[in-house]
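Only the coordinates and a few stated rules stand behind these numbers; no lab work does. For clarity, every value in this text was computed on a predicted model and none was experimentally measured. Cβ placement follows ideal geometry from the backbone for every residue including glycine, while neighbour counts extend to all protein chains displayed.
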Amino acid sequence: MEVIGIRTASLGDATYIVAIGSHAIIVDPQRDIGRFREILDERGLTLTHVLETHMHNDYISGGRDLAKALDADLVLPAASGAGFAFVPAFHDEIIEGPAGAAIRPLHTPGHTPAHTSYVIATGDADPVAAFTGGSLLVGAAGRSDLLGEQYARQLARLQFGSLQRLGKLPDETGVYPTHGEGSFCTASGAGRTTSTIGLEKAENPLFTFTDADAFADNQLAGLVPYPTYYAHMGPINRNGPTALETNTIPDMDPAAMQAHIAAGGSVLDGRDRHDFAAGHVPGSIGIEIGDSFAPWAGWLLDFDAPIALVLDPSQDAEAAAVELGRIGLDDVVGVMRGVGAWADEGSELARYETTSITDLSMALSEGRNIQVLDCRDPQEWAAGHIEGSVHCYVPDIADSFPDEINRDEPLWVVCRTGNRASIAAGILEGLDLDVIVVTKGGVPDLVT
């Protein structure tokens, strides 16, 4: 048996292909199913089962269409509430897998009420692998507050029991979680993506708890906010998620962009933060294409509005559209290559000044009377911040801008690396604020 992990860095998640002889099982596939089919074809594998550990909150599943396309069994937790046909996974009831393999579902509630892990054994051997979804993670456990604060504590208590259940598996059993570093579903910082039961019991601090309430207190302390687009994922995944179609993104000229804006469309600029600062379409949001591109877009853009991209000629518009499509932002209507044509036709470009953390430090040390906005998350702020700065997390700026900021004076904006400060700049411009954005370095360089 071979486990092939396929990471999606932008979401901090993993899909797994379990190869058993000439057959395969896939666990928690995302909706761009073509990449999984390619691996199956390259290896000559026949798909027999698609296993879903839970109704995902952070992406749209491709499991339903993948199973249908390849005539495989779609297995979901029995109490998942899915509104389409599936094979129900009941706790501890063996599902016959390919080549004599046994798939053993374990009810592991906590991340969601119906969450189910899958333990796979080949022949009469001990379990080889546990696919733990959003239950036991590497150095952590899936958060329990995504369905609402009213359920969070009880789900956290259930998560304690789920880890205890998984901890009874043989120490050598592989642990293959869906969520990992970079996912808002976990706060893991272990630096690894897979593990074993024995290693987790030895190194995961959550296994030191012997009481469900103490465990829950720990899990619920200091949770960072999660993207608003999550609210759309559960209903889509329950009611019938569809595979993502890869389409060619047409080029847009300035006139088409103007019409798009006039009709209420969103403009998402994926260029380098310094290029965005040097000139961008007024009203656009600048989110550099990278590992956090899609989650921030899902958090900050109107979920139902069509999206026009602004990219450098070297950037792949179709790849950007796939990133967005994984979280349901399907309506990408076109791409404008740079902003040169926009300026050439006489349309105004928005700009702002950029600086470095060194320059900010110098301004502070000189005693200059400047305003500093720290747009990091609440946990980062609580861990240490620049004296005299004001805090407002990026997604809160539009609705909860701090009253103590003088809107008539320039505002220095800072985060940890410059990425979120650059994202915040587009929002602050919409509030008619004059910003100076720290794009090089951040608060940790000044506060230790």
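Points worth noting:
- Net charge of neighbours whose Cβ lies under 14 Å from the Cβ of Ala156, counting Lys and Arg as +1 and Asp and Glu as -1: -2
- Gaussian network model of the chain, Cα within-10 Å springs - most flexible of Ile386, Ile26, Ile120: Ile386
- Net charge of the neighbourhood of Trp412, taken over other residues with C-beta under 11 Å away and scored Lys/Arg +1, Asp/Glu -1, is -4.
- Other-chain or far-sequence residues with amide H under 5 Å of Thr46's (modelled H): His23, Ala24
- Comparing Ala14, Ala140, Ala214 in a Gaussian network model of the chain, where Cα atoms under 10 Å apart are tied by springs, the biggest mean-square fluctuation is seen for Ala214.
- ³J(HN,Hα) computed for each position of segment 3-20 - Karplus, 6.51 cos²θ - 1.76 cosθ + 1.60, integer Hz, glycine/proline x: 9, 10, x, 10, 7, 10, 4, 5, 10, x, 10, 9, 10, 10, 10, 9, 8, 10
- With 10 Å bins from 0: P(r) over segment 353-445, alpha-carbon pairs, percent: 18, 58, 24, 0
- Its residue count N fixes a reference of 2.2 N^0.38 Å for segment 74-150, and the Cα radius of gyration divided by that reference is 1.19.
- Computed on the chain, with alpha-carbon pairs under 8 angstrom and 6+ residues apart, the relative contact order is 12 percent.
- Comparing Tyr59, Tyr393, Tyr229 in a Gaussian network model of the chain where C-alpha atoms under 10 Å apart are linked, the largest mean-square fluctuation is found at Tyr393.
- Legend: calculated FRET efficiency, Gln150 to Asp344, from the Cβ-Cβ distance at R0 = 41 Å, rounded to 0.05, equals 0.15.
- By average C-beta atoms within 10 angstrom, highest first, the peptides 98-105, 204-211: 98-105, 204-211
- Mean ellipticity per residue at 222 nm, deg cm²/dmol - from DSSP H runs of n ≥ 4 across the chain, formula -39500 (n - 2.57): -8000 deg cm²/dmol
- Between helix 230-239 and the chain: long-axis angle, C-alpha atoms, 0 to 90°, nearest 10: 40
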